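What follows is a single structure, written as structure tokens, with notes after it.
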Amino acid sequence: MDLRESNIQKLPRATFDVLIVGGGINGAVSAAALSGKGARVALIDRCDFAGFTSQQSSNLIWGGIKYLESHDYRLVRKLCLSRNHLIRNYPSRVKEIRFFSTIEKGFRFHPLFLWAGTWVYWLFGNGFTQIPRLFFKRTIQREEPVVDASNAAGGFEYSDAYLHDNDSRFVFQFVRSAMDRGCIAANYVESLGARREGDIWITRARNVIDGREFEIRSKVLINAAGPFADDHNALTGEQTEHHHAFSKGIHLIVPRLTPNPRILTFFADDGRLFFVIPMGVRTCIGTTDTRVESPLTEVTDKDRRFVLDNINKRLKLEQPLTYADIIAERCGVRPLVVKSAADGNVRDWLQLSRKHEIDVNRAKAHLSIFGGKLTDCVNVGDEVSNIVAELGVALPHRNYKWYGEPHPSVREEYLHQAKLMNLDGYTSPESIETLSSRLWRRYDQQALELLAEIREDPRQAEVLIKGTDYLRCEIQLAKRQEMIVKLEDFLRRRSKIALVVRREEIRNAEGLMEACEILFEDQAQEKFAEYFPEATTRSPDVRPAESRRAAVDAV
Ligand SMILES: Cc1cc2nc3c(=O)[nH]c(=O)nc-3n(C[C@H](O)[C@H](O)[C@H](O)COP(=O)(O)OP(=O)(O)OC[C@H]3O[C@@H](n4cnc5c(N)ncnc54)[C@H](O)[C@@H]3O)c2cc1C
């Protein structure tokens with residue numbers, strides 16, 4: 001029986017201390033914190049983990065320099081400290097990165113003024129990062145020839161951080177760590193609402209894959225449904241002080257625009273900050289900020305035009321970017337905290353605070369998490385645990401440090417073993433980093449398991465899906481430990497293949513069907529067709545892996 005099925009069977013059998021509805025960043029850190037501290041926790045999501053907002057961010061771990069303009073100094077200070085904390089605790093996943101900003105003539109602020117702002121920002125972050133630098137036009141041209149500096153008044157550079165892999169993988173790593181500490185988690189399980197009977201919450205749940213319904217009992221219920229938090233509260237009859245308003249943001253992923261590992265920033269035509277973010281061998285550009293009524297959004301032609309026009313205006317590209325350059329798109333809504341519907345009607349989104357709020361109904365042991373950022377995730381996990389303890393749930397390991405990469409000695413041992421077996425000799429020529437650092441970042445101590453598998457069978461170190469850097473042993477690990485239900489879970493969230501490789505290339509990639517066979521066994525073809533409905537006329541190579549291998553060997 002696979003991990004998900006086994007967990008689904010456990011969900012109706014116990015009374016949990018806490019049930020968390022929603023496996024985005026807020027639900028994932030709540031689960032990791034509470035289970036690490038010793039609570040009996042269940043976590044469900046009606047999509048995949050990080051399958052909604054938490055897969056659509058800009059991947060930035062940042063203090064929110066732009067909130068200085070709205071004088072939200074306390075928020076900036078808090079986020080800067082959270083950023084520092086994440087850089088310190090996730091040295092391989094959260095990396096400091098330079099933001100290279102170009103200011104055009106006639107902009108509402110002079111570059112010197114903004115540069116002074118970056119020093120304030122640096123001080124808000126206790127000087128933890130590299131110091132800011134001021135540039136004149138000619139330095140911009142020399143350092144970033146791709147930037148069109150013809151109308152530049154000047155520029156500056158400062159530091160923040162970003163998620164090296166991807167937001168959704170970062171979230172899944174918290175889910176994984178929660179499961180390692182006893183949390184019973186399952187994706188594609190929807191809460192249909194909950195009722196309170198005596199001291200217990202009874203949540204009606206539905207396995208989205210086969211439609212089976214069952215009940216989950218818990219002492220505390222946490223609504224971490226992100227943009228759907230208000231909807232879930234309506235289902236359980238919960239009244240809250242805070243609610244959500246939504247701001248839509250999109251990103252486009254295009255071929256790499258600059259080889260320099262830094263983020264280019266500009267002010268777009270609407271005056272808002274606009275980024276060119278490195279994403280491996282690609283570049284991610286965006287974002288937009290549009291008020292919407294519903295969390296269910298999609299990228300429109302107007303959005304694409306806005307992003308492409310703004311980027312073409314500010315970069316000196318051999319050919320302007322067109323729709324044909326778009327490799328993938330991301331689109332989501334920022335769940336912003338408001339107190340009333342009127343708050344949500346303000347014209348300037350900067351006036352809305354980006355803080356998170358946790359509304360607590362103590363009488364019914366119910367928490368609703370509103371807003372939040374990836375950057376603030378450790379604070380959310382700690383706050384939720386404190387509230388749950390106040391509600392009377394015993395946390396026998398209250399001071400347990402539930403976040404962070406393993407102790408440096410574990411990494412040293414891993415690197416030592418990797419060196420002894422010459423792991424980096426397997427690094428594929430297209431890769432921009434060594435195999436040893438990539439595997440550690442993705443799997444931390446589980447990477448030791450991968451080394452053992454490669455020692456036993458060197459074929460495990462072969463890239464399985466051609467055109468990507470995923471090894472056969474990684475797909476095997478994903479099958480065992482990463483609860484992959486649909487091909488999209490693997491291609492879009494556990495890995496970022498669907499973001500950096502064009503859809504037709506993935507579909508035709510040698511080895512994809514073997515990966516499907518590992519992940520889904522006899523359902524491989526069905527899952528392939530579910531993800532690529534357009535490919536129903538094409539018949540992929542579905543012979544068993546062994547016979548295909550034999551064919552290749554024969555060549
Ligand atoms: C364009 C954009 C850029 C951003 N950039 C950044 C950034 O650079 N840095 C940063 O720190 N933050 C950024 N953010 C903010 C950040 O991404 C979000 O605030 C955060 O991901 C919200 O997480 P969440 O857990 O609250 O919601 P979600 O990730 O949406 O998780 C909620 C989950 O609840 C599940 N759910 C809902 N209803 C039910 C139900 N009935 N039963 C079971 N499950 C249910 C959903 O399926 C979903 O997976 C950005 C956001 C956007 C949109």
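For the range 68-83, filtering for residues that are crowded, with 19+ Cβ neighbours inside 10 Å and farther than 20 Å from residue 284 by Cβ leaves 6. Is it true that residue 109 is within 15 Å of the ligand (Cβ to nearest atom) and among the aromatic types (Phe, Trp, Tyr)? For residue 109, the condition - within 15 Å of the ligand (Cβ to nearest atom) and among the aromatic types (Phe, Trp, Tyr) - is not met. Within the range 126-141, the set of residues being under 15 Å from residue 65 (Cβ atoms) and surrounded by 21 or more Cβ atoms within 10 Å (Cβ to Cβ) comprises 129, 132.
Test residue 205 against the stated conditions and say whether it is touching a helix residue (DSSP H, G or I) at 6+ places or on another chain (Cβ under 6 Å) and either charged (D, E, K, R) or surrounded by 15 or more Cβ atoms within 10 Å (Cβ to Cβ) (or both).
On the way: touching a helix residue (DSSP H, G or I) at 6+ places or on another chain (Cβ under 6 Å): no; either charged (D, E, K, R) or surrounded by 15 or more Cβ atoms within 10 Å (Cβ to Cβ) (or both): yes.
Here the answer is no, as residue 205 does not meet what is asked.
Could you list all residues from the range 211-230 that are touching a Gly at 6+ places or on another chain (Cβ under 8 Å) and near the ligand (Cβ under 7 Å from one of its atoms)? Hits for the range 211-230 are 224, 225, 226, 228.
Considering (1) in contact with an Asp or Glu (Cβ under 8 Å, 6 or more places away or on another chain); (2) among the charged types (D, E, K, R); (3) surrounded by fewer than 22 Cβ atoms within 10 Å (Cβ to Cβ), the lone condition that residue 4 does not fulfil carries the number (1). Taking the range 188-206 as the range and being more than 18 Å from residue 5 (Cα to Cα) and within 14 Å of the ligand (Cβ to nearest atom) as the test, the residues that pass are 192, 193, 194, 201, 203. Residue 233 meets each of the listed conditions (1) under 18 Å from residue 8 (Cα atoms); (2) within 13 Å of the ligand (Cβ to nearest atom); (3) surrounded by 19 or more Cβ atoms within 10 Å (Cβ to Cβ) apart from (1). Considering the range 157-187, and only residues there that are β-branched (Val, Ile, Thr) and either within 12 Å of the ligand (Cβ to nearest atom) or without any contact (Cβ under 8 Å) to a residue 60 or more places away in the chain (or both), the residue that is surrounded by the most Cβ atoms within 10 Å (Cβ to Cβ) turns out to be 171. Those strands (runs of 3 or more DSSP E) of the range 237-328 in which 3 or more residues are in contact (Cβ under 8 Å) with a residue 60 or more places away in the chain and either within 13 Å of the ligand (Cβ to nearest atom) or under 23 Å from the mean Cα position of the chain (by Cα) (or both) occupy 243-255, 263-267, 273-279, 282-286.
The condition of being surrounded by 14 or more Cβ atoms within 10 Å (Cβ to Cβ), modelled with pLDDT of 95 or more, closer than 21 Å to residue 5 by Cα and over 24 Å from the mean Cα position of the chain (by Cα) holds for only one of 488, 453, 517, 521, that being 517. Residues in the range 6-28 that are within 15 Å of the ligand (Cβ to nearest atom) and out of contact with any strand residue (DSSP E or B) (no Cβ under 7 Å at 6 or more places or on another chain): 3 in all.
Taken over the range 32-54, the residue count meeting the criterion of being more than 13 Å from the ligand (Cβ to nearest atom) and either farther than 21 Å from residue 224 by Cβ or assigned to a helix (DSSP H, G or I) (or both) is 4.
The values are calculated or read from the model by the stated rules, or taken from the named source; none is laboratory data. Remember, it's a predicted structure, so these values are computed and weren't measured experimentally. Cβ sites come from the backbone with ideal geometry, for glycine too, and all protein chains shown count toward neighbours.
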